[in-house]
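Take a look at the structure set out below.
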Amino acid sequence: MIVVIGAGRIGGALHQRDPHQFALVDRQQGWELLEREPGEPILLAVRNDDLLAVLERVPERRRADLVFAQNGMLRPWLREHGLTEVTRGLLFVAVPTRGAPIEPGGESPFFGPHAATMVQAFTRVGLPAAVVSADAFAAVELEKLIWNCAFGLCCEAFDCDVGTVVRDHAEQLRALVAELLEVGAPALGVELELGPLVNRLCDYSRSIPSYRGAVKEWPWRNGWFVETAREQGRATPTHAQLLARVGRG
């Protein structure tokens, strides 16, 4: 059994798909499940900004069982809270609205102590997943982060959907992705080729052309690139220009 903290879109949809496989903990109910003996995964299906409040309610002896599957750059936060050895995941699923069934997407990667258990649970309910190495996870983590940050910023800056970004703003997009890659790759110890990366990001966007991203979760996404570029002494003029255009300069 996987204990899922958070009754939002993802947590609720996993519980709906198989209530016996995914036991739900919401703001008021289910917390007694965390009093069980250590060894069962605890998937955190909450927003990044809610992580600290949730962590404070998790017994110390159960924190090694935590599974973090949030988007965004979690690594600094995990280091700060002594959680570098926990299980990580990235969910390639879609839940259009709260209460809607979960829709399988690509293969969701997991690594860490409970990776195999998470993959078994996901595949058992028809959600593709795989155990990956730390290096492989970092590469996917950076690629997904760049997609969220680049397309979110371009959608907001050009007031359009991701399909239009690919079609009408390819030059600015490539320059932006190049800058984010130059910042993120050394920070995560990852090597990704720019051309194939841009192609993959655009191919994915073409598969969901009407989706409109936005600049959000600032410290976990674009804000992390701004701060890391500053620490590296690296200029990111395209990123800065587009951020200024949306009032984040």
Tilt relative to the chain, helix 134-158 - C-alpha long axis, 0 to 90 degrees, to 10: 50 degrees
Base-10 log of normalised Debye intensity for the range 2-132 (one unit scatterer per alpha-carbon) at q = 0.11, 0.14, 0.19 Å⁻¹: -0.33, -0.56, -1.11
Distant-in-sequence amide H partners of V67 (H built 1.01 Å from N, under 5 Å): I42, L43, L44
Computed magnitude of the charge dipole of the chain (debye, nearest 20; Cβ of K, R +1, Cβ of D, E -1): 360 debye
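Give me the net charge of I10's neighbourhood, meaning all other residues with Cβ under 12 Å from the Cβ of I10; Lys, Arg count +1, Asp, Glu -1. Can you show the working numbers first?
Details: positive: R9, R17, R47, R98; negative: E103.
Taking every Cβ under 12 Å from that of I10, the sum is +3.
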Rel. contact order, % - alpha carbon contacts under 8 angstrom, at least six apart, the range 135-245: 40 percent
From phi via Karplus (6.51, -1.76, 1.60), per-residue ³J(HN,Hα) for the range 243-249 in Hz, x at Gly/Pro: 5, 4, 5, 9, x, 10, x
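Excluding P196 itself, what net charge comes from residues whose Cβ is under 13 Å from its Cβ, given Lys and Arg +1 and Asp and Glu -1?
Numbers: positive: R174, R200; negative: E143, E191, E193, D203.
Once positives and negatives cancel, what remains is -2.
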Residue-by-residue Karplus 3J(HN,Hα) for the range 108-124, coefficients 6.51, -1.76, 1.60, Hz, glycine and proline x: 7, x, 9, 9, x, x, 9, 4, 5, 5, 5, 5, 4, 5, 5, 5, 4
Selection from L91, F111, L243 lying farthest towards where the dipole of the chain points positive, charges on Cβ: L243
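How would you classify the range 87-199 from its alpha-carbon gyration tensor, with a ≥ b ≥ c the square roots of the eigenvalues: rounded for a/c under 1.5, else prolate if a/b is greater than b/c, otherwise oblate?
Values: a/c = 2.85, a/b = 1.39, b/c = 2.06.
Oblate, since a/c reaches 1.5 and b/c is not below a/b.
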C-alpha long axis of helix 194-207 to longest principal axis of the chain, angle in °: 70 degrees
Integer Hz, Karplus 6.51/-1.76/1.60 couplings in order for the range 66-77, x for Gly and Pro: 5, 10, 9, 10, 6, 6, x, 8, 8, 4, x, 5
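Considering only DSSP beta bridges whose two residues both sit in the chain, what percent are antiparallel, to the nearest 5? Display every interim value, and only then the final one.
Values: 4 of 19 bridges.
Taking every DSSP beta bridge with both residues in the chain, the antiparallel ones total about 20 percent.
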Relative intensity, log₁₀ I(q)/I(0), of the chain from a Debye sum that treats every alpha carbon as a point, q = 0.09, 0.16, 0.17 Å⁻¹: -0.40, -1.22, -1.34
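List the relative contact order of the chain as a percent without decimals, with contacts defined as Cα pairs under 8 Å and 6+ residues apart.
Relative contact order, the chain: 15 percent.
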Cα-based shape type of the range 135-245, given that a ≥ b ≥ c are square roots of the gyration tensor eigenvalues and the cut on a/c is 1.5: oblate
Cleavage-rule hits, trypsin sites (Lys or Arg not before Pro), the range 67-141, DSSP coil, Cβ neighbours within 10 Å at most 13: R98
Pair A94, S133: separation of 7 Å Cα→Cβ label points (nm): 3.2 nm
By average C-beta atoms within 10 angstrom, highest first, the peptides 114-123, 133-142, 240-249: 114-123, 133-142, 240-249
Radius 10 Å from Cβ of P219, net charge of other residues (Lys, Arg +1; Asp, Glu -1): -2
Whole-angstrom gap from the range 108-158 to the range 218-235, using each part's C-alpha centre: 21 Å
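Below 8 Å, C-alpha to C-alpha, sequence gap of six or more: please give me the relative contact order for the range 2-132 in percent.
Working: 229 pairs, mean separation 30.0, N = 131.
Relative CO of the range 2-132 lands at 23 percent.
Each value in this text was obtained by applying a stated rule to the coordinates, not by laboratory testing. Just so we're clear, the structure is a prediction, and the values are computed from it rather than from any experiment. Every residue, glycine as well, gets a Cβ built from its backbone with ideal geometry; the counts of neighbours run over all protein chains shown.
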